[in-house]
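Only the coordinates and a few stated rules stand behind these numbers; no lab work does. Since the structure is predicted, the reported quantities are computational estimates derived from the model, not experimental observations. Note: ideal-geometry Cβ built from the backbone for every residue, glycine included; neighbour counts use all protein chains shown.
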Amino acid sequence: MRRSVADRNLVVYLGPSFRGGDASEGTATRATGGRVTKAVTAMRQPIVLSPGIFLASYVARPHSEARDNSDLQEGQPMNDTQPRDIVEHASALPFDATVDRLVQTIEGHGMMIFARIDHAANAREVGMTMLPATVLIYGNARGGTPVMLATPSAALDLPLRVLVRQRADGKTVIAYHSIATTLRRAGVPEDLVTRLGPAQQILPAAIS
C-alpha cells in the first residue's frame, strides 16, 4: 500500500520494497508551506519505516531538470545532487585501460591496492546489468596511520578509494571524495588534513 508522510524536514520515498543498500533516485513527496510537490531526489542515509517506505535526507530537483552528467567539466562534482567534495575527471583512455593505468600509478608510488570492487560484475551475478564501474581501495599505512592515531573516527574514511566508471555516452571518468575535505569534517588536526592529498593528485595526471 502506498502512503505519503512528509513535513518540512522529511521526505518519504514511495516505491518498491526497500531491501537495503542505496537508492540513487526516486520519486518523493514533500510539504513546503502547506504545498505538496514531487521531485526527483538523490537519496542519502535512508531510514527504513516499512516495506516500500523510508525516510531520507535529500537534495531535490524538479523532474524537468533531471539530467545525466555527460556534460560534466573536469574537476567538478559528479552532478548537481552530489556533495561538493566529490570530484570527477574525464579519462583519455578506455575503461579497462583507465583501471590498469590507475593501478600501475598507485603501486608505482609505493601504495597498495587493498581491494578492487567490480560493481558491474556483481550486478551480473544477481541478474542485473549496469555500465562498467570499479572501485579501487588503496593507500599506505605510513600515510594513513598518523591520521587515524590523531582522530580514530577517520578510519571510517580510510583507506582512500577511487571510482572508475563508464558514462552512458561511452566516456570513462574517475571520481573520488576530496580527502582533505573529508578529514577536516572528521575533526582531523589541520597539520594532518593535507597529508594524503598527494595520493589523490597523482590520479588525474595518470589518465590525461
### Task
Estimate the FRET efficiency between R185 and M130 by the formula 1/(1 + (r/R0)^6), using the beta-carbon distance for r and 45 Å for R0, to the nearest 0.05.
0.95
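What is the gain in length, in nm to one decimal, between D100 and T145 on full extension, counting 0.36 nm per residue of separation less the C-alpha to C-alpha distance?
Stretched fully, the D100-T145 segment lengthens by 13.5 nm.
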### Task
Lys and Arg at +1, Asp and Glu at -1: add these up for the other residues within a Cβ distance under 12 Å of A154 and post the number.
+2
### Query
What's log10 of I(q)/I(0) for the range 86-207 at q = 0.21 Å⁻¹, Debye sum over Cα points only, no solvent?
-1.16
### Query
G139's amide H: which non-local residues (gap 5+, or another chain) put their own amide H closer than 5 Å, with H modeled 1.01 Å from N in plane and none for Pro or chain starts?
M112, F114
### Task
Work out from phi, with θ = phi - 60° and the Karplus expression 6.51 cos²θ - 1.76 cosθ + 1.60, the ³J(HN,Hα) of each residue of the range 169-180, listed in order in whole Hz, and give x for Gly and Pro.
7, x, 6, 9, 9, 10, 9, 7, 6, 4, 5, 4
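So which trypsin sites (Lys or Arg not before Pro) in the range 81-163 end up in coil per DSSP with only 10 or fewer other C-beta atoms within 10 Å?
On the way: sites: R84, R101, R116, R124, R142, R161; in loops: R84.
Counting only loop positions with at most 10 other Cβ atoms within 10 Å, the trypsin sites (Lys or Arg not before Pro) in the range 81-163 are R84.
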### Message
Going by amide H atoms built from the backbone, whose H comes under 5 Å of the H on V188, apart from near neighbours?
### Response
none
#### Entry: Estimated distance in nm for a label pair at A115 and T194, the labels positioned 7 Å out from Cα along Cα-to-Cβ
3.1 nm
### Query
Under the Karplus relation 6.51 cos²θ - 1.76 cosθ + 1.60, θ = phi - 60°, what is the ordered set of whole-Hz ³J(HN,Hα) values for the range 93-106, x standing for Gly and Pro?
10, x, 4, 4, 5, 5, 4, 4, 5, 5, 4, 4, 5, 4
